[in-house]
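Colleague: Sharing a structure, written as structure tokens. Questions coming.
The values are calculated or read from the model by the stated rules, or taken from the named source; none is laboratory data. Keep in mind that what you see is a predicted model, and the values were worked out from it rather than measured. Virtual Cβ from ideal backbone geometry, glycine too; neighbours counted across all protein chains shown. Surface areas here come from the heavy atoms of the whole protein model, side chains and all, with no ligands, DNA or RNA. Shrake-Rupley method; radii C 1.70, N 1.55, O 1.52, S 1.80 Å.
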Amino acid sequence: VILNFAEQTAEQIKELRINVHKELVASVVMDTPVDTGMARRNWQAAKDSIPTGIIPYAGDPGAAGAQAVSEAQAQAFGEDGTFYFVNNVHYVPYLENGTSKMAAVGMAKKNVERIKNNLRQQYG
């Protein structure tokens, strides 16, 4: 009985981890403002290594979100390991944190907080 419980719990934790990663990726990407689509397109995910490149401009800004979500979700999910989710475009910190002339968008911070609060409410 205990072994069965432990195996089921481990599987549920793995599934929860994957679902949290997917939700975080989708919400951060879709909350990233779009002008040319460059910032949204450059959210990259990887397992056990930090992506360091920049994805070049690829046309339609409207398609940048779906493409970035799909590619990031496909790259970094699985069992153990460290999940990295980064954006290497030089102006993304300004979008996230704001400047003296621009309000912060906070796409990463607000979604991490939202997911943390949801998990606390659900699991105590």
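Colleague: Please give the contour-minus-distance gain from ILE13 to TYR84: 0.36 nm per residue of separation, less the Cα-Cα distance, rounded to one decimal in nm. Write down the numbers at each step before the final one.
Modeller: Details: separation 71, 0.36 × 71 = 25.56 nm, distance 1.87 nm.
Contour length minus the Cα-Cα distance gives 23.7 nm.
Colleague: Run the reach check for LYS14 against lysines, Cα to Cα strictly under 19 Å, same-chain hits fewer than 8 apart removed. What comes back?
Modeller: LYS22, LYS47, LYS116
Colleague: Rounded, prolate or oblate: which one fits the range 54-124, using the alpha carbon gyration tensor with axes a ≥ b ≥ c (rounded when a/c is under 1.5, else prolate when a/b beats b/c, else oblate)?
Modeller: Values: a/c = 2.08, a/b = 1.17, b/c = 1.78.
Here the range 54-124 falls in the oblate category.
Colleague: Using a 1.4 angstrom probe on heavy atoms only, work out the carbon and sulfur share of the accessible area of the range 39-124 in %.
Modeller: Details: 2750 of 5290 Å².
Ligands and nucleic acids excluded, carbon and sulfur reach 52 percent.
Colleague: For ALA103 paired with ILE2, estimate the spin-label separation in nm (one decimal), with each label point 7 Å from Cα along the Cα-to-Cβ line.
Modeller: 5.5
Colleague: Related question: Stick to Cα atoms and the Kirkwood definition of Rh, then tell me Rg/Rh for the chain.
Modeller: Values: Rg = 16.5 Å, Rh = 15.8 Å.
Computed over Cα atoms, the ratio is 1.05.
Colleague: When only C-alpha pairs under 8 Å and at least 6 residues apart count, what is the relative contact order of the chain, in percent? Show your work: numbers first, answer last.
Modeller: On the way: 148 pairs, mean separation 33.3, N = 124.
It comes to 27 percent, rounded to a whole number.
Colleague: For n ≥ 4 DSSP H runs only, could you compute -39500 (n - 2.57) per run for the chain, divide by its residues and tell me the 222 nm figure to the nearest 500? Let's see the in-between values first.
Modeller: Working: 5 runs with 69 residues, N = 124.
Mean residue ellipticity, 222 nm, calculated: -18000 deg cm²/dmol.
Colleague: Tell me the net charge near ASN117. Cut-off is 15 Å between Cβ atoms, ASN117 excluded, with +1 for each Lys or Arg and -1 for each Asp or Glu.
Modeller: Details: positive: LYS109, LYS110, ARG114, LYS116, ARG120; negative: GLU23, GLU113.
Cβ neighbours under 15 Å give a net charge of +3.
Colleague: Ordering ARG114, ARG120 by how much accessible area each has at a 1.4 Å probe, largest first, what is the list?
Modeller: Numbers: ARG114 85, ARG120 140 Å².
Accessible-area ranking of ARG114, ARG120, largest first: ARG120, ARG114.
Colleague: Another one. Assuming a ≥ b ≥ c are the square roots of the Cα gyration tensor eigenvalues, decide whether the range 1-47 counts as rounded (a/c under 1.5), prolate (otherwise, with a/b larger than b/c) or oblate. Present the calculation step by step, with values, prior to reporting the outcome.
Modeller: Details: a/c = 9.67, a/b = 4.04, b/c = 2.39.
In terms of gyration-tensor shape, prolate.
Colleague: Around ALA104, what is the net charge, scoring Lys/Arg as +1 and Asp/Glu as -1 over all other residues with Cβ under 11 Å from its Cβ? Write out the running numbers ahead of the final one.
Modeller: On the way: positive: LYS109, LYS110; negative: GLU96.
Net of charged neighbours comes to +1.
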